[in-house]
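The values are calculated or read from the model by the stated rules, or taken from the named source; none is laboratory data. Nothing here was measured: the structure is a model prediction, and the numbers come from that model. Cβ: placed from backbone, ideal geometry, glycine included. Neighbour counts: every protein chain shown. Accessible surface is based on the protein model in full, side chains and every heavy atom, while ligands, DNA and RNA are left aside. Shrake-Rupley method; radii C 1.70, N 1.55, O 1.52, S 1.80 Å.
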Amino acid sequence: MAAPAIKTQGTIISLSDGTSPVVINGHQAIKGIGSGTATKIDVTTLASTAKEYRMGLQDWGDFTLDFVWNLDDLGQANMLAAKDAQIARAFIMTLPSTDPAVTKDIFTADVFVLQMQCDVNADGVVQGTATFAVTGEPVWS
């Protein structure tokens, strides 16, 4: 039997404004959630016959959000404000799980907005990309 699949259409993305979540509209893709790695601590000694390691702290990495740029959107304006203020905010991604076998469909993490760029091309719409850095440990619930 195949594992339950979660469709992506209907995913809700929000970022706290410091008190409550504000929906970010126009999102098209999220890439790299969980991309970080733990550090590797070398504990090799002169008596070792091969390299020896212990695991260090987990780094949950960075991820990107692609979206249709519109700073009139309160969520996008909130992202820019968080970037400018250099403060961590709660990022929440809610997947549209309709299968009762899927119970971990909400990703929550404290993040810093590292970058927010816009791209303007001929015969298109203004596209945006935001880069987030996870600080602390995220939760799937």
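Annotations for the structure displayed:
- Within region 1-39, considering residues that are modelled with pLDDT under 95 and among the charged types (D, E, K, R), the one farthest from residue 107 (Cα to Cα): 17
- Tally of residues being touching a residue at least 24 places away in the same chain (Cβ under 8 Å) and either in contact with a Lys or Arg (Cβ under 8 Å, 6 or more places away or on another chain) or open to solvent by 50 Å² or more (accessible area, probe 1.4 Å) (or both) across region 11-29: 10
- Meets criteria (polar (S, T, N, Q), touching a residue at least 24 places away in the same chain (Cβ under 8 Å) and farther than 30 Å from residue 126 by Cα) for residue 58: yes
- Scanning region 30-50 for residues that are in contact with a Gly (Cβ under 6 Å, 6 or more places away or on another chain) and part of a loop (DSSP other than H, G, I, E, B), we see that the one that is least open to solvent (accessible area, probe 1.4 Å) is 36.
- Looking only at region 80-107, and only at residues there that are more than 13 Å from the chain's Cα centre (by Cα) and of a type in the set (S, T, N, Q), the one that is least open to solvent (accessible area, probe 1.4 Å): 97
- Subset of region 118-131 (residues that are surrounded by 11 or more Cβ atoms within 10 Å (Cβ to Cβ) and either of a type outside the set (A, V, I, L, M, F, W, C) or touching a helix residue (DSSP H, G or I) at 6+ places or on another chain (Cβ under 9 Å) (or both)): 119, 127, 128, 129, 130, 131
- For region 51-107, the tally of residues that are of a type outside the set (S, T, N, Q) and assigned to a helix (DSSP H, G or I) stands at 10.
- Here residue 72 meets the list (1) open to solvent by less than 80 Å² (accessible area, probe 1.4 Å); (2) free of Cβ contacts under 8 Å to residues at least 40 places away in the same chain; (3) over 18 Å from the mean Cα position of the chain (by Cα); (4) within 18 Å of residue 128 (Cβ to Cβ) almost entirely, failing just condition (1).
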